[in-house]
Amino acid sequence: MDITLRAIAEPHRREILRLVLSRELSAGDIAARFDVTRSAVSQHLRALENAGLVTVRKDGTRRLYRARPEGLVELRSFLEDFWTDRLWRLKLAAEAEERR
């Protein structure tokens, strides 16, 4: 989960994930949408790939990227457990207050 959090902590990486969530895009298509160097975009893509958040498919000389939502399963589970616990505690506090 730590590598996932580090990967999505960077705003450009979150935007890349949004871009490739519903469609496959080439590295060049992704880079064209940012005001950073292609090298920087390549580094972001590599970080997302290393975190298991995107898949890469080679098509000739092009590398095509698509989001891999299952890479967020562990993080999502943690957050759901966290919020479920917090909401449960809030419910108990509200009920206790109501009884007073």
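Looking at the stretch 19-36 only, could you name the residues that are in contact with a helix residue (DSSP H, G or I) (Cβ under 8 Å, 6 or more places away or on another chain) and either of a type outside the set (A, V, I, L, M, F, W, C) or under 17 Å from residue 49 (Cα atoms) (or both)? Matches in the stretch 19-36: 19, 20, 21, 25, 27, 28, 30, 31, 33. Pairing each residue of the stretch 22-37 that is farther than 18 Å from residue 60 by Cα with any residue that is of a type outside the set (Ser, Thr, Tyr) and modelled with pLDDT under 95, provided the two are 6+ apart or on different chains, yields C-beta distances under 6 Å for 31/38. Among the residues of the stretch 42-62, those that are in contact with a Gly (Cβ under 9 Å, 6 or more places away or on another chain) and closer than 20 Å to residue 9 by Cβ comprise 48, 51, 52, 53, 54. Is it the case that the stretch 27-38 has a residue that's open to solvent by 50 Å² or more (accessible area, probe 1.4 Å) and within 16 Å of the chain's Cα centre (by Cα)? There is no residue in the stretch 27-38 that is open to solvent by 50 Å² or more (accessible area, probe 1.4 Å) and within 16 Å of the chain's Cα centre (by Cα). Restricting attention to the stretch 39-62, the residues being surrounded by fewer than 17 Cβ atoms within 10 Å (Cβ to Cβ), in contact (Cβ under 8 Å) with a residue 24 or more places away in the chain and touching a Leu at 6+ places or on another chain (Cβ under 8 Å) number 1. Count of the stretch 1-23 residues, restricted to those that are touching an Asp or Glu at 6+ places or on another chain (Cβ under 9 Å) and assigned to a loop (DSSP other than H, G, I, E, B), is 1. Contact annotation: residue pairs with Cβ atoms under 7 Å, 6 or more positions apart or on different chains, pairing a residue in the stretch 68-83 that is in contact (Cβ under 8 Å) with a residue 24 or more places away in the chain with a partner that is among the aliphatic types (A, V, I, L, M) and open to solvent by 70 Å² or more (accessible area, probe 1.4 Å), are 75/5. If the condition is being under 17 Å from residue 18 (Cα atoms), modelled with pLDDT under 95 and in a helix (DSSP H, G or I), then the stretch 43-74 contributes 69, 70, 71, 72, 73.
The values are calculated or read from the model by the stated rules, or taken from the named source; none is laboratory data. Being a predicted model, the structure only gives us computed values, none of them experimental. Methodologically, a virtual Cβ is constructed for each residue, glycine included, from the backbone with ideal geometry; neighbour enumeration extends over all protein chains shown. We work out accessible area using only protein heavy atoms, side chains counted, and drop any ligands, DNA or RNA first. Shrake-Rupley method; radii C 1.70, N 1.55, O 1.52, S 1.80 Å.
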